[in-house]
Amino acid sequence: MNDIIHYFESIPSSHRALILAGGIAIFWLIESAVPFVKFGYNKVQHAGINIFFTLTTIIVNFCLAVILVNAAQWAVDNGFGLLNWLPEMNIWLFTIVGLLLLDFIGAYLAHLVEHKVKFLWRFHLIHHTDTWIDTTSGNRHHPGESVIRFVFTTLGVLIVGSPMWMVFLYQTLSVVATQFTHANIALPKQLDKLMSYFLVSPDMHKVHHHYVLPYTDSNYGNIFSVWDRLFGTFKTLDREKIVYGVDTHMKLKEHNDLKNLLSIPFQKHRSPDIEN
Ligand SMILES: [Zn+2]
Ligand SMILES: [Zn+2]
């Protein structure tokens, strides 16, 4: 464990980039060999849009990283945050509790709020407009959403009081988990179901990408599935019945045009056809 902590304390940016690119490459190969849905899309053109948004996410996070590092350092130095207020734990338990809390506050709650607050949804919507969910969809976030997520992550780190190595560990796990849950692959149904008791499985996250409510507003989890199960936001839908996208933006030129995707947050708000 100490080796892991030591590695993530000073993980080089090049390693983080390699994990991101390597993950996309591996899942790309698998989903090309055994795709779950045969989309008949231009995979490279589609990836071009999503990789653009992945790069803007990286740039936003790179520019703001100093704030996150300082926030984590401040929390540790001042004994601030849940991890510092809890009784002393052995390092394994400390790490698991920390990752769970980061997942709850910085990811699950942040995601739920992005769906419920209209202004934030304008930005998060871009993630949902994708009608061809594959591994590149995982980091399809409008730059505005990347900033919003950064704010939530920083707040999460302060509330949890997590050291920076734990944040880097969480983010690394999150990148791979996200690529996996979006990949255009299908696990055996029973295995996917079993996985969804502990972790967000591909089927579980894809229900979140079904084009109509109430499914869009379910399964907000990022790495761990416990939060959706605990707070009643867990939903299932047969994988064959899932239609990707969001009902307000199903036209090809709206979800497959970079310029339009960038401008969606500033366009007139559209209400979904079916309310909860
Ligand atoms: Zn969402
Ligand atoms: Zn998604």
- If you go through region 186-207, how many residues are within 15 Å of ligand 2 (Cβ to nearest atom) and charged (D, E, K, R)? 2
- Item | Counted residues, region 208-241 - those being within 15 Å of ligand 2 (Cβ to nearest atom) and within 24 Å of ARG122 (Cβ to Cβ) | 15
- Task: Being outside any helix (DSSP H, G or I) and more than 26 Å from THR233 (Cβ to Cβ) is the filter here, so list the residues in region 71-112 that pass it.
- Result: ASN78, GLY79, PHE80, PRO87, GLU88, MET89, ASN90
- Message: Taking the criterion of being more than 16 Å from ligand 1 (Cβ to nearest atom), of a type in the set (Asp, Glu) and either free of Cβ contacts under 8 Å to residues at least 60 places away in the same chain or buried (at least 18 other Cβ atoms within 10 Å of the Cβ) (or both), would at least one residue in region 216-230 satisfy it?
- Response: no
- Number of the exception - PHE80 against (1) at pLDDT 95 or above; (2) surrounded by 22 or more Cβ atoms within 10 Å (Cβ to Cβ): (2)
- Message: For region 106-128: of the residues being within 11 Å of ligand 1 (Cβ to nearest atom) and of a type in the set (Val, Ile, Thr), which is surrounded by the most Cβ atoms within 10 Å (Cβ to Cβ)?
- Response: ILE126
- Can you tell me which residues in region 122-156 are in contact with a Pro (Cβ under 9 Å, 6 or more places away or on another chain) and farther than 20 Å from LEU102 by Cβ? ARG122, PHE123, LEU125, ILE126, ASP134, HIS142, GLY144
- Task: Could you figure out which of (1) within 13 Å of ligand 1 (Cβ to nearest atom); (2) crowded, with 18+ Cβ neighbours inside 10 Å; (3) within 30 Å of LYS253 (Cα to Cα) isn't true of SER146?
- Result: (1)
- Query: Out of curiosity, is ILE67 assigned to a helix (DSSP H, G or I) and either within 21 Å of GLY221 (Cα to Cα) or modelled with pLDDT of 95 or more (or both)?
  - Reply: yes
- Query: What are the residue pairs meeting all of these: first residue in region 171-185, first residue within 11 Å of ligand 2 (Cβ to nearest atom), second residue among the small types (Gly, Ala, Ser) and in a loop (DSSP other than H, G, I, E, B), Cβ atoms under 8 Å, and 6 or more apart or on different chains?
  - Reply: THR181/SER201
- Message: Give me the helices (runs of 4 or more DSSP H) completely within region 182-276, filtered to those with at least 1 residues that are closer than 25 Å to VAL117 by Cβ and modelled with pLDDT under 95, ordered by residue number.
- Response: 252-255, 258-263
- Note on the structure: Only one of (1) more than 30 Å from PHE36 (Cα to Cα); (2) part of a helix (DSSP H, G or I); (3) touching a helix residue (DSSP H, G or I) at 6+ places or on another chain (Cβ under 7 Å) does not apply to SER162, and that is (2)
- Item | Checking SER10 against (1) out of contact with any helix residue (DSSP H, G or I) (no Cβ under 6 Å at 6 or more places or on another chain); (2) polar (S, T, N, Q); (3) under 30 Å from SER271 (Cβ atoms), the condition it does not meet | (3)
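Here's the yes/no breakdown for (1) loosely packed, with under 14 Cβ neighbours inside 10 Å; (2) closer than 28 Å to PRO143 by Cβ:
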| position | (1), (2) |
| --- | --- |
| ALA47 | no, yes |
| ILE51 | no, yes |
| PHE62 | yes, yes |
| ALA71 | no, yes |
| ALA75 | no, yes |
| TRP92 | yes, no |
- Query: Quick one: ASN90 ticks every box in (1) touching a helix residue (DSSP H, G or I) at 6+ places or on another chain (Cβ under 7 Å); (2) more than 11 Å from ligand 1 (Cβ to nearest atom); (3) of a type outside the set (Lys, Arg) bar one, so which box is it?
  - Reply: (1)
- Message: Can you tell me which residue is farthest from ASN260 (Cα to Cα) among those in region 127-147 that are assigned to a loop (DSSP other than H, G, I, E, B) and near ligand 2 (Cβ under 10 Å from one of its atoms)?
- Response: ILE133
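The values are calculated or read from the model by the stated rules, or taken from the named source; none is laboratory data. A quick note: this is a predicted structure, and the numbers were derived from the prediction, not measured. For neighbour counting, all protein chains shown are included, and Cβ atoms are generated from backbone atoms with ideal geometry for every residue, glycine included.
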